[in-house]
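Every read-out reported here was derived from the displayed coordinates using simple, explicitly stated rules and does not represent laboratory data. Owing to the predicted nature of the structure, the values given are computational and were not obtained by experimental measurement. Please note: Cβ atoms are built from the backbone with ideal geometry, for glycine as well, and neighbour counts cover all protein chains shown.
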Amino acid sequence: GIQVEQSPPDLILQEGANSTLRCNFSDSVNNLQWFHQNPWGQLINLFYIPSGTKQNGRLSATTVATERYSLLYISSSQTTDSGVYFCAADRGSTLGRLYFGRGTQLTVWP
Amino acid sequence: DGGITQSPKYLFRKEGQNVTLSCEQNLNHDAMYWYRQDPGQGLRLIYYSQIVNDFQKGDIAEGYSVSREKKESFPLTVTSAQKNPTAFYLCASSPLGYQPQHFGDGTRLSIL
């Protein structure tokens, strides 16, 4: 399978700060997703981004497939951004199964 | 609204007992998946199915069983052979091909 590594494992921010989360993967991918898991355990889709750049409000993501990494940017962070951010990837050989990283635990203080 | 419904939200299992977790989707997705999450860990794949009456083992299938009799339903049974079943279980679905997966709200299983 694909090895997915996320950094940093933990991140503590003051409200209003910006942050960058990184995801490295060990093989070429046809599917890469970023998720936010809230304190209740709900896993929310943020981006489907096997390559290129996308933006959604204060969040944006970039995947450089040739260099096997993806970045998630959070600008002007809010307390509601707290939770665990997961990156998951699939190389497409088995149609859709995702390999997850261990996540980045983000805590935003008011 | 279309979505994925998992039930129950909380489940308790006695020693030696089988329990079944429900997953239903009305997104008309062909593929469905079951993942397990342990504290501080990412998700690991238990089983997945791309078509009715067919499914494949994931990385940690031992002690679990599934069925796919209907397109919209993919129940997971945690058998007594699973010696450490306490975890958070998440069900997902997606269209076939290179498409994003969408997740239900999960079921927390604990041992009495």
(request) Pop out the ³J(HN,Hα) list for segment B:85-93 in order, Karplus 6.51 cos²θ - 1.76 cosθ + 1.60 with θ = phi - 60°, rounded to Hz; leave Gly and Pro as x. (result) x, 5, 5, 9, 10, 10, 9, 9, 9
(request) Hey, could you grab the Kirkwood Rh for chain A? Inverse mean 1/r over distinct alpha carbon pairs, Å, one decimal. (result) 13.9
(request) Starting from the Cα coordinates of the protein assembly as shown, work out the convex hull volume and express it per residue in Å³. (result) 120
(message) Quick check: the distance between the Cα centres of segment A:25-71 and segment B:1-53, to the nearest angstrom?
(response) 23
(request) Take peptide B:89-102, look around each residue's Cβ out to 10 angstrom, count Cβ atoms belonging to other protein chains, and average those counts. (result) 4
(request) With a point put 7 Å past each Cα toward its Cβ, work out how far B:ASN53 is from B:PHE12 in nm, to one decimal. (result) 4.1
(request) Under 20 Å from a label point 7 Å along Cα→Cβ of A:GLU67: give me every residue in segment A:1-16 with its amide N that close. (result) A:3-9
(message) Step by step: find N for segment B:1-51, compute 2.2 N^0.38 Å, then divide the Cα radius of gyration by it. What's the final number?
(response) 1.35
(request) Would you mind checking which residues have amide H under 5 Å from B:GLY3's amide H? H placed 1.01 Å from N; only 5 or more apart, or other chain. (result) B:ASN26, B:LEU27
(request) May I ask you to derive the FRET efficiency for A:GLN78 and A:TYR48 from their Cβ-Cβ distance with R0 = 22 Å, giving the value to the nearest 0.05? (result) 0.45
(request) Would you mind giving the average projected area, over all directions, of the Cα convex hull of chain B in nm² with one decimal? (result) 6.8
